[in-house]
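Heads up, the thing below is written out as structure tokens.
The values are calculated or read from the model by the stated rules, or taken from the named source; none is laboratory data. Since the structure is predicted, the reported quantities are computational estimates derived from the model, not experimental observations. Cβ atoms come from the backbone with ideal geometry, glycine included; neighbour counts cover every protein chain shown.
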Amino acid sequence: MLKKIIAIFLIFSTLLLSSGCNYIRKSFALDDNIIFVPLDSRPVNTQNVSILTKMWGKNLILPPKNVLDDYTKPGDHEALKKWLNEEASKDNVYAIVISVQQYINGGLIASRDIKNYNDYEKRLLTLYNFIKKNKDKNIIIFSVIPRLKPTQFSDYQYIKYNQQIVEFSELKDMVDLYHRESDVKKLEKIESGIPTDLIKNYNNLFEINDVINQKLIDWTKDGYIKTLVIGNDDTSQYSMTNMVSRKLSQYVESHGISDKVYMLHGADEIGMEITARLANEYYKQRPRFHVVYDVKNPEKIVLPYEGADLKKIVEEKINFIGGKTDSNGELILYIHTNKNLGIKSDIDKYKNIGQNFGIADVAYTNMADINVINAILKYNPLDIMYAGWNTPSNSIGTVISEMALKAILDKKLLPIYKQDEAIRSFASFSFIRMADDYAYQAVVRNKMYKWAENNGMSSDDIDIKSSDKELSKEMNPILEELKNVYAGKTLMGRRLKKVDVEVKYPWKRMFEVMVQTQVELSR
């Protein structure tokens, strides 16, 4: 009997080896989990990252919902700290990814208010002790430099002086860059018209953030952090955001660790970029992107909410995930910047069979260009990767990440038993982009804003139950059309039988939705 068992094992091993599988070890490895502390609890920072992680065969382990932030309510630091220590002690962890804003402030929105920095030194020390204790693990930390403008959640005084604060920030950067006397005088005049306490709080946000990021850079140099990412939240060509980022870049260079610290534009897409980077490291891939711009001189174009030119943003993100730009690249990335009436002919031209084709739709902020969507839906939408939500950096980073992961899926590098889940995840992500970026953001959102106004609600403070009901009513006709488009389409030899979908608001506001999908494949 023992001889039979040994013989069967030898035959099974031989079959696996002869199949050309280079990742037998990974198929049975206990490193399937990525511990992930997100920037905040919204779907773009949790659900989207989780779906993309499944595309390359890993599981994203997120903190319990009650531990994370909930809109304007900061997360529970003590509960998060306890959860993180427990998860890190397990033996099935491939990487640990931590958002500094979640860990120290309790989320992105909380990080924009100076009062949520009262315990930052204590929490920073706790983070240091954690990463030092786990220095043998694959630790990635990401941090975000504050945005240019105060938010609608700021107090009345901030909102009242919003424009003056923006001008103050822009001029402070210009003075630091150019040292022009005329700018110095303008800065002094603007500053004199803003209450002292507002200027103090605004400056403190950036100063404390700078201190935190310098500490993170030091810990990266010391070897406790493997990869550090510092993102620039919503900004413009000139701002204190850019000024702090520039000085941090110089600090990184002085430490000689530019290969370990990455300065990126954007915020909400960074989690997706991190999982794409981890995937390329894991499978030893370096995707090559052939980037096509629909405008000349992309290096001279600075889009809304960005602090760098379009070309720089595209190339920095490709570089971060472990890819490279190459005019002969197998991944064709099309950057759509305007209302291009010839978009269909461009898709016909660049959508080559057997290649990954993706569109970063940056024509508008906070929504898709419907002309692009109409062109995509005439094809198999699974053949065209797409993102067109929020800021240009958000859209660009999202589609670059998805394209790199699809390349891994196409090469069948995943263990066989994980491929179906990866295919379903890719189809889900594709559907969510159509349902969110197009159906909600470009078509339904303004209708919901109007509905809220007519029902005595602010779009930033809604009744979830009644709003979800109205949301479903408005979204269902478009979702049914999308479901019909996706049903029957094939992906890697598998046919999509159907897509079930549900939409709801993740927070008590109407800016974003959660699109939950369940994809069923035919046998």
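State whether the residues of the range 316-338 include one that is in a loop (DSSP other than H, G, I, E, B), outside the structural domain of TYR440 (by TED's automatic domain parsing), surrounded by 22 or more Cβ atoms within 10 Å (Cβ to Cβ) and charged (D, E, K, R).
Checked against the condition, which is being in a loop (DSSP other than H, G, I, E, B), outside the structural domain of TYR440 (by TED's automatic domain parsing), surrounded by 22 or more Cβ atoms within 10 Å (Cβ to Cβ) and charged (D, E, K, R), the range 316-338 yields no hits at all.
Which one is surrounded by the most Cβ atoms within 10 Å (Cβ to Cβ) among residues in the range 78-137 that are among the hydrophobic types (A, V, I, L, M, F, W, C) and in a loop (DSSP other than H, G, I, E, B)?
Of the residues in the range 78-137, the ones among the hydrophobic types (A, V, I, L, M, F, W, C) are 79-80, 83-84, 88, 93, 95-98, 100, 104, 108-110, 114, 124-125, 127, 130-131.
In the following step, the residues that additionally are in a loop (DSSP other than H, G, I, E, B) were identified as 108-109.
Numbers: LEU108: 24, ILE109: 21.
So the residue we want is LEU108.
Is one or more of the residues making up the range 499-507 of a type in the set (Asp, Glu) and more than 27 Å from the chain's Cα centre (by Cα)?
No, the range 499-507 contains no residue that is of a type in the set (Asp, Glu) and more than 27 Å from the chain's Cα centre (by Cα).
Could you pull out the residue among ASN232, ASN280, ASN297 that is surrounded by fewer than 23 Cβ atoms within 10 Å (Cβ to Cβ) and within 14 Å of LYS317 (Cβ to Cβ)?
It is ASN280.
So how many residues does the range 255-309 have that are of a type in the set (A, V, I, L, M) and within 16 Å of ALA360 (Cα to Cα)? Reasoning before the result, please.
Within the range 255-309, the subset of a type in the set (A, V, I, L, M) is 257, 261, 263-264, 267, 270, 272, 274, 276, 278-279, 291-292, 295, 301-303, 308.
Among the residues that remain, those that are also within 16 Å of ALA360 (Cα to Cα) are: 270, 272, 291-292, 295, 301-303.
So the count comes out to 8.
Going through ASN213, ASN203, ASN280 one at a time, which residue ends up being touching a strand residue (DSSP E or B) at 6+ places or on another chain (Cβ under 8 Å) and assigned to a helix (DSSP H, G or I)?
On inspection, the qualifying residue turns out to be ASN213.
Exactly one condition in (1) modelled with pLDDT of 95 or more; (2) part of a loop (DSSP other than H, G, I, E, B); (3) aliphatic (A, V, I, L, M) is not met by ILE353; state its number.
So the condition that ILE353 fails would be (1).
Of the conditions (1) closer than 21 Å to SER393 by Cα; (2) buried (at least 19 other Cβ atoms within 10 Å of the Cβ); (3) out of contact with any Leu (no Cβ under 9 Å at 6 or more places or on another chain), LEU205 clears all except one; give me its number.
(1)
Name every residue in the range 110-145 that is closer than 23 Å to GLY307 by Cα and modelled with pLDDT of 95 or more, in order of residue number.
If the condition is that a residue be closer than 23 Å to GLY307 by Cα and modelled with pLDDT of 95 or more, then ALA110, SER111, ILE141, PHE142, SER143, VAL144, ILE145 are the ones that fit.
Need the failing condition index for ARG246 against (1) of a type outside the set (S, T, N, Q); (2) under 24 Å from LYS137 (Cα atoms); (3) more than 15 Å from the chain's Cα centre (by Cα), just the number.
ARG246 satisfies all of (1) of a type outside the set (S, T, N, Q); (2) under 24 Å from LYS137 (Cα atoms); (3) more than 15 Å from the chain's Cα centre (by Cα) except (2).
How many residues are under 20 Å from ASP410 (Cβ atoms) and touching a residue at least 60 places away in the same chain (Cβ under 8 Å) when one looks only at the range 357-385?
Number satisfying all stated conditions: 3.
For the subset of the range 209-225 comprising residues that are among the polar types (S, T, N, Q) and farther than 13 Å from ILE139 by Cα, which member is farthest from the chain's Cα centre (by Cα)? If you could, list the steps in order and put the result at the bottom.
Step one: list which residues in the range 209-225 are among the polar types (S, T, N, Q), which gives 209, 213-214, 220.
Pick out the ones that are also farther than 13 Å from ILE139 by Cα and you get 209, 213-214.
Working: ASN209: 20, ASN213: 20, GLN214: 23 Å.
Among residues in the range 209-225 that are among the polar types (S, T, N, Q) and farther than 13 Å from ILE139 by Cα, the one farthest from the chain's Cα centre (by Cα) is GLN214.
Working carefully through the options ASN280, ASN297, find the one that is farther than 23 Å from VAL97 by Cα and either out of contact with any His (no Cβ under 9 Å at 6 or more places or on another chain) or hydroxyl-bearing (Ser, Thr, Tyr) (or both).
It is ASN297.
Kindly list, by first and then second residue, each pair from a residue in the range 76-89 that is farther than 13 Å from ILE131 by Cα and small (Gly, Ala, Ser) to a residue that is in a helix (DSSP H, G or I) and modelled with pLDDT of 95 or more, limited to pairs with Cβ atoms under 6 Å and residues at least 6 apart or on different chains.
ALA79/VAL67
So, in the range 300-347, exactly how many residues are out of contact with any helix residue (DSSP H, G or I) (no Cβ under 8 Å at 6 or more places or on another chain) and under 17 Å from ASP369 (Cβ atoms)?
4
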